[in-house]
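Everything below concerns the one structure shown next.
The values are calculated or read from the model by the stated rules, or taken from the named source; none is laboratory data. In this text, all values refer to a predicted model and were calculated from it rather than measured experimentally. A quick note on method: Cβ atoms are made from the backbone with ideal geometry, for glycine too, and the neighbour counts reach across all protein chains shown.
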Amino acid sequence: MKTIVVTGAAGFIASHLTERLLDEGNSIIGIDNLITGNIKNIKHLFANKNFKFIQHDISKPIYFNETIEQIYHLASPASPIDYLEYPIQTLKVGAMGTHIALGIAKKHKAAFLISSTSEVYGDPLVHPQKEDYWGNVNPIGPRGVYDEAKRYAEAITEAYRKYHKLETHIARIFNTYGPRMRPYDGRVVPAFIMQSLTNKSLSVFGNGSQTRSFCYVSDLVEGLFRLMNSNDSGPINLGNPHEMTILEFAQLIIKLTESKSDISYQKLPEDDPKVRQPDITKAKNILKWEPHIFVEEGLKLTIEFFRRNYL
Ligand code: UDP
């Protein structure tokens, strides 16, 4: 049994991770300032005596009496709409939040994992993306606050590893989906599912030829867990290499929801990456990890979640 801090614990991915770590018998301290996280995602865990929740902004210092053995730093606004609404907080949690989380790790000699992102590759000129690609990022574009915060987070994590000899792990997470996404966070999965379920037109941005590769949340959580418990500092891509165009994705969701929706083409947002697909050779070799949930299967579970909670 380990004592583990999870930042962003009330968020989509971190709430699933917290659940998984509790199932393994660990003691978890969840931290979240709840600006984009939702307490409902973790309220069923409050009955577990091994779970403690602290409402706190990890961009500000916090001290623990317990000895912490691992820190998963997942806190961050994570959808384009969120980081347009909270640009400064997005930068702060990636920069100051990561610095503080690393400081906690250093003091407690804890292992540290940061959830970085495929956004460090920007609008990639290399396809699929491998970890040794440095990216094509616009620092002052609408996504810059997120991309650059995560790039800084990777840099400071490496500096702590090299200079303070900390055990650190960098995960680069690609598009992930599943239950507990927010219905109106602007991301394509909840947007298309909600539109389909209510027979509204699906808002395909551009001509829908841009690609994404979607990973189901339980697969992603398994990857994070394996990376934390490995000897590899990363960065390691975690994602599902199954690549689709956004138009194909819209059609698949219409089919799976048996919806009468049609498609309405809308303006492509500025700096929207044209392609995105992880090369997961490194994760396969080092972590013996690869995703197992097919997109139809994961989408059915996700559609069910939205049907149950938001219709
Ligand atoms: N997208 C879309 N319609 C929407 C929301 C998103 O066509 O209502 C597109 C968006 O332009 C992007 C892709 O879907 O090409 C994935 O968008 P999301 O915001 O989910 O993630 P990201 O762009 O960060 O991969």
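Here are the numbers for the structure shown:
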| quantity | calculated |
| --- | --- |
| Candidate set from the stretch 165-175 (those that are out of contact with any Pro (no Cβ under 6 Å at 6 or more places or on another chain) and either part of a helix (DSSP H, G or I) or on the phi < 0 side of the Ramachandran plot (or both)); member that is surrounded by the fewest Cβ atoms within 10 Å (Cβ to Cβ) | Glu167 |
| Residues of the stretch 21-49 satisfying the condition of being surrounded by fewer than 18 Cβ atoms within 10 Å (Cβ to Cβ) and touching a Leu at 6+ places or on another chain (Cβ under 6 Å) | Asn48 |
| Number of the condition not met by Asn199 [criteria: (1) crowded, with 18+ Cβ neighbours inside 10 Å; (2) more than 19 Å from the chain's Cα centre (by Cα)] | (1) |
| Residue among Lys150, Lys106, Lys92, Lys162 that alone is away from the ligand (no atom under 16 Å from the Cβ), in a helix (DSSP H, G or I), of a type outside the set (Ser, Thr, Tyr) and crowded, with 19+ Cβ neighbours inside 10 Å | Lys92 |
| Matching strands (runs of 3 or more DSSP E) fully within the stretch 212-311 where at least 1 residues are within 12 Å of the ligand (Cβ to nearest atom) | 243-245, 263-266 |
| Failed item, numbered, when Lys162 is tested on (1) without any contact (Cβ under 8 Å) to a residue 12 or more places away in the chain; (2) in contact with a helix residue (DSSP H, G or I) (Cβ under 8 Å, 6 or more places away or on another chain) | (2) |
| Single match in Pro61, Pro80 (criterion: over 16 Å from Ala14 (Cβ atoms) and at pLDDT 95 or above) | Pro61 |
| Residue count, the stretch 178-190 (criterion: more than 12 Å from Ile81 (Cα to Cα) and within 9 Å of the ligand (Cβ to nearest atom)) | 2 |
| Condition check for Val145: within 16 Å of the ligand (Cβ to nearest atom) and closer than 27 Å to Ala10 by Cα | yes |
| Top-ranked residue of the stretch 176-195 - restricted to ones that are among the aliphatic types (A, V, I, L, M), in contact (Cβ under 8 Å) with a residue 40 or more places away in the chain and part of a helix (DSSP H, G or I), ranked as farthest from Pro273 (Cα to Cα) | Met194 |
